[in-house]
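*Asks:* Sharing a structure, written as C-alpha cells. Questions coming.
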Amino acid sequence: MARKLGTGCITCRRIRRVKCDETKPACQRCITSKRQCDGYLPPGSTVTRRQLAETVRQLDVVGPVSKALAQYPQLHGTEGTSSILALFDVFRRLTAPSTSTFMPSDFWTGELLQLAHSEPAVWHATLALGALHQKHELRTQGYDQDRRIEVYSKLANRNYSQALTYARELKNPHKLLSLSLALVSITNMMGSWGESQIHIMAGHKLLGQTKKHPTTLAAAEMLTRLDLQAMTFSESSAPYPYQNAPQLASIVEDMRLAPVFENYGQAGTALFALVRRFILEDEALITDVPKVTKLDEASMQSLTRDLVDWEYKMAQFESSNWTGDPAAISIRLYHTLLRAMVLATRVGPESRWDSLLGYFERTVSLVETLWVATASPVPRSPLSLEPGLIIPLFVCVSRCRHPVLRSRAIHLMSSLRRQEGTWFSDGAAAVGAAMMSSEGQTLLNPDLHAPSHLRPPTSWPHIPWEAWSRGVSQVPSSLSWDGVERVPEGQRVRDTLVTVVTEQRRIDLTLFFCSSDGSGSYGAARSETVTVPLHPYFPLEVVLSSYAPNSMAAPALVASFAGGCCVIFLITVLLAQQSRATLTKSEMLTTMWFALCGCIHLFFEGYFAFNFLDMAGRTDLFGQLWKEYSLSDSRYLTQDSFVVCMETITAVFWGPLSFFCAYCIVKDHPLRHPVQMIVSLGQLYGDVLYYATCSFSSILYKVVYCRPESFYFWAYYVLCNAFWIAIPLVLLLSSAAATKRAFAKLQALEKGKKIQ
C-alpha cells in the first residue's frame, strides 16, 4: 500500500520533500523561492513521489498539474494511472501530430494540449480521442475481434460523457470553443453524426461570442475546416443544417483587409472559407431556386473577386516563403478543387464536368504528391481529425467520368486506408466504385503489386498564382476523350445519400440520377448497400476489393491441414506396404514425402493457380487455408506475378512428377534417382526464389508482406517453407551420391571388360 506523505502542495511535499505552509492557491514557500507551485492533490491521495514524477514527465506539462490530476479517482492510487496516461500520450504523440500533417495548425499540438492540463473537460476529451485512436488502429490492422476494441470503446464513451459533464462548469467562450472542436472530432469518430452537428453549431455560436479575440485564432481556423468536412459528408440520418449555418463573414472580411498572408495556416483558413461559401450558396440555389437565382450572378461575381484577391495575396506570400512543403501542396489541392467548381458553375447538366479533365488530373496528381511527400520510415498514423486527401479524391470520383482517371482515384482512396474525421477512404472508394458501376463503367485494375507509396506520382502542371488571378480556363491534361465512350446524361449519378453503419462497416446508398433531357434536374433513384470489410494483411494499404473474412478459426484451419497430411501419410504407407513389403525405413519416409508433395502441389497449389483471381473472397476450406497462410505473405491475395507463375509451374510439373517419383521408389524403378533429383532441384530452386523475391522487396523497397506478429513469420513463412529447402537438399545430395556410385560401378565394369 502506498504511504501517505502528508498534506502540502505538490512542489513542497511530493517533489522537494520540505515542509509546506499550505497557503492556497499557491503556497508562500514556493512564491518566496520563486518556484512554480503545482497546487494541491485531493485529500486522501496516495500517489507516491515516484508515480507523480513519472506522471508529470509523461504529461509533458509546464505549469500547475494538480487541477488536471485531481479529476481522476484512479490517480489516487496506483491502479489505472498508467492506462490513463497512455491514452493521453496516444493523443499527444499520434493523434495531434498526424492531424497536422498536411495543413499546419497549432490547435491540436498546442492550444488543446495546454487546455487539457488545466481544464477537466478538455482533459477527458483528449482521453476519449486517444481511446478512439487506439480502437481505430486495432481495427485497421485486422483485429476486429480483439477484446481491446470493446475496452477502448467503453473508455471513449466514459470520457466523452465526463467531458460533457465538466463542460457545464466552463464559462469562458474561448475554452468552450476549443472543447466543442474536440467534441466534434469525438462524435465523428464514434459515428454520432447528429451530436457532431450540434457541437459544430455550438462552435459557430461561440465563435461569434469571442469577437475576434486573438486567442481564438487557431480554434477559428479549425472550426472552418471541420465545418467544411461536415458539409461534404451527406449522412442521411443527420443532414447538415444549411439553414442554420452562418456565413463566417468575419473570416472573409479579415482576408479582404489583410494586406498579405502571414502563413499557410491563415491562407488555408481563407481558402476553406471560400470553398464553404460556394457550397452554401450552391445548396441555397438548389433548395430555393426562385429566390436565389436573381442573386446568383452577383454572388458568383463576389466569390470570384474574393478568389482572385486570395490568389494575388498567395503570389505575394510565396514570392518570399515558397518551400514546397506539404502545406503548399495542400493549398494547391483545395484551390484546384474550388477553381473547378467555380468554372463548372452551380447548375447545368452533369456533362459540363467533362471539360474539366485537366483539373481532375491535377487534383489526383497533387494527392499522390502529397501522400509521397509525407511518407516516413516510421509507419504513419491512419487517422486525422480534419480534412485532408479524401474529399478532393471523392469529388474527382463523383464528377469525373473518364474511366482511367476515375479508376486511378478510386484505387488511390482504397490504398490510403485512412480516416479523416467523418470520411473513411475505403468507404469513399466503395461508394465511388458503386457509382461507377451504376453508370455502366468498369473499374480498371492498376498495378496492385506496387504499394501506393512506391508508385511515382504523376507530375502536376505548375501554374503561377498570377496566371490564376488573370483567369485560367483550362489546365493541361495527359488524357483525352478521344476513343472514350462517354456516360449518357440520364445514366449519370448527380447526388448520393448515404447511411453509414460504422460498427458493421456498411453503407446504405441512395443514388439520384440525372434526367435525360439535359436540364440538370433529378431523374430516377436507386438504392444499394455497400459493405467495406477491413482485412488484416500487410501492407495495410493493399487493395482486396473482394475480401471475405474466414469463418474458421486459425487453430481449426491448422488442425484440418495437419489432419489431411496424416491421412495422406496413412494411405501412402498402406499402399506402399501392399506393393512392396521390403521397403527400407528411408525409402518409406521418402515415399511418404513425395506422396505428400504430390497432393500439396497438384491439389492445394493447383487450387491456388486456378482461383488466384478471387482468392481473397473464397470461403471454402482451401480458400480459407490460403488466406490464413497469406497472413505471412499477402502476395497470394494480390495476384502477384511471381507467386502465380511459381505456384502454377509447381502444380503442373512438380505435382505429377512427385507422384511418379513415389511410384518409382516403391517399384524400385531405375528412374527413381533422376526423377528425384529433378523434382528436388525444382522445389529447392522455387523456394530459394520465393524467399529471395520477398527479401528483395523488404530490403530494397521496405515493403513487408507479413504481419508484425512473430508467429506468422516464424511458423508460417519460415517453418512451412523450410521443409522444401531442407528435405529436397538432402534428397538431392542422396540422389547425387547414388548416381555417383552407379557410374563408378559402371566405369569399373567397363574397365574390367577392356582388360579381358
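The values are calculated or read from the model by the stated rules, or taken from the named source; none is laboratory data. The shown structure was predicted, so the numbers you read here are calculated from the model rather than taken from an experiment. Backbone-built Cβ (ideal geometry, glycine too); neighbour counts: all protein chains shown. To get the accessible areas, we keep the full protein, side chains included, count just its heavy atoms, and leave off ligands, DNA and RNA. Shrake-Rupley method; radii C 1.70, N 1.55, O 1.52, S 1.80 Å.
*Asks:* Only residues in segment 236-260 that are small (G, A, S) count as the first member; pair them with residues that are at pLDDT below 75, Cβ under 8 angstrom, at least 6 apart or cross-chain, and list the lot.
*Replies:* S250/K212
*Asks:* While we're on this one: Going residue by residue through segment 143-155, is there one that turns out to be of a type in the set (G, A, S), at pLDDT 85 or above and farther than 28 Å from H335 by Cβ?
*Replies:* yes
*Asks:* Looking at (1) in a helix (DSSP H, G or I); (2) small (G, A, S); (3) open to solvent by 60 Å² or more (accessible area, probe 1.4 Å), can you tell me which one G598 breaks?
*Replies:* Only one criterion in (1) in a helix (DSSP H, G or I); (2) small (G, A, S); (3) open to solvent by 60 Å² or more (accessible area, probe 1.4 Å) is unmet by G598, namely (3).
*Asks:* I'd like the residue in segment 476-518 that is touching a Leu at 6+ places or on another chain (Cβ under 9 Å) and among the aliphatic types (A, V, I, L, M) and, out of all such residues, is most open to solvent (accessible area, probe 1.4 Å).
*Replies:* L497
*Asks:* Name the residue that is most open to solvent (accessible area, probe 1.4 Å), counting only residues in segment 725-756 that are free of Cβ contacts under 8 Å to residues at least 60 places away in the same chain and either touching a strand residue (DSSP E or B) at 6+ places or on another chain (Cβ under 6 Å) or within 27 Å of V558 (Cα to Cα) (or both).
*Replies:* Step by step, filter segment 725-756, then rank; the result is V730.
*Asks:* Being more than 14 Å from T345 (Cβ to Cβ) and open to solvent by 50 Å² or more (accessible area, probe 1.4 Å) is the filter here, so list the residues in segment 299-319 that pass it.
*Replies:* R305, Y312, Q316, S319, listed by residue number.
*Asks:* So if I check each of Y636, Y607, which one is in a helix (DSSP H, G or I), open to solvent by 30 Å² or more (accessible area, probe 1.4 Å) and in contact with a Phe, Trp or Tyr (Cβ under 8 Å, 6 or more places away or on another chain)?
*Replies:* Unique residue meeting the criteria: Y607.
*Asks:* Additional query: Filter segment 695-724 down to the residues that are among the aliphatic types (A, V, I, L, M) and open to solvent by 50 Å² or more (accessible area, probe 1.4 Å), then identify the one that is modelled with the highest pLDDT.
*Replies:* Looking at residues that are among the aliphatic types (A, V, I, L, M) and open to solvent by 50 Å² or more (accessible area, probe 1.4 Å), I get L719.
Listed here are the residues, each with its yes/no results for (1) in a helix (DSSP H, G or I); (2) farther than 15 Å from E386 by Cβ.
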| site | (1), (2) |
| --- | --- |
| E111 | yes, no |
| T126 | yes, yes |
| N159 | yes, yes |
| K171 | no, yes |
| N188 | yes, no |
| I198 | yes, yes |
| L207 | yes, yes |
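*Asks:* Is there any pair with a first residue in segment 90-109 that is closer than 20 Å to A156 by Cβ and without any contact (Cβ under 8 Å) to a residue 40 or more places away in the chain and a second that is open to solvent by 30 Å² or more (accessible area, probe 1.4 Å) and not basic (K, R) whose Cβ atoms are under 6 Å apart and which are 6 or more apart or on different chains, and what are they?
*Replies:* Matching pairs, first to second residue: A96/T109.
*Asks:* Can I ask one more? Which of (1) surrounded by fewer than 21 Cβ atoms within 10 Å (Cβ to Cβ); (2) under 20 Å from Q419 (Cβ atoms) is the odd one out, the single condition Q114 does not satisfy?
*Replies:* If we test Q114 against (1) surrounded by fewer than 21 Cβ atoms within 10 Å (Cβ to Cβ); (2) under 20 Å from Q419 (Cβ atoms), just (2) comes out false.
*Asks:* Evaluate segment 207-218: report whether one residue or more is among the small types (G, A, S), within 24 Å of H117 (Cα to Cα) and modelled with pLDDT under 90.
*Replies:* There is at least one residue in segment 207-218 that is among the small types (G, A, S), within 24 Å of H117 (Cα to Cα) and modelled with pLDDT under 90.
*Asks:* Considering only residues that are closer than 20 Å to A742 by Cβ and either open to solvent by 50 Å² or more (accessible area, probe 1.4 Å) or not in a helix (DSSP H, G or I) (or both), which ones fall in segment 649-662? Break it down into steps so the answer makes sense when it comes.
*Replies:* Narrowing segment 649-662 to residues closer than 20 Å to A742 by Cβ: 660-661.
The one that is closer than 20 Å to A742 by Cβ and either open to solvent by 50 Å² or more (accessible area, probe 1.4 Å) or not in a helix (DSSP H, G or I) (or both): F660.
*Asks:* List the residue pairs whose Cβ atoms are under 9 Å apart, where the first residue sits in segment 520-537 and is of a type in the set (K, R), the second is outside any strand (DSSP E or B), and the two are 6 or more positions apart or on different chains.
*Replies:* Correct list of pairs: R526/S438.
*Asks:* Could you check how many residues of segment 665-714 are assigned to a loop (DSSP other than H, G, I, E, B), touching a residue at least 12 places away in the same chain (Cβ under 8 Å) and farther than 28 Å from A576 by Cα?
*Replies:* Result for segment 665-714: 8.
*Asks:* Among the residues that make up segment 536-554, is at least one of them open to solvent by less than 70 Å² (accessible area, probe 1.4 Å), among the β-branched types (V, I, T) and not in a strand (DSSP E or B)?
*Replies:* Yes, because at least one residue in segment 536-554 is open to solvent by less than 70 Å² (accessible area, probe 1.4 Å), among the β-branched types (V, I, T) and not in a strand (DSSP E or B).
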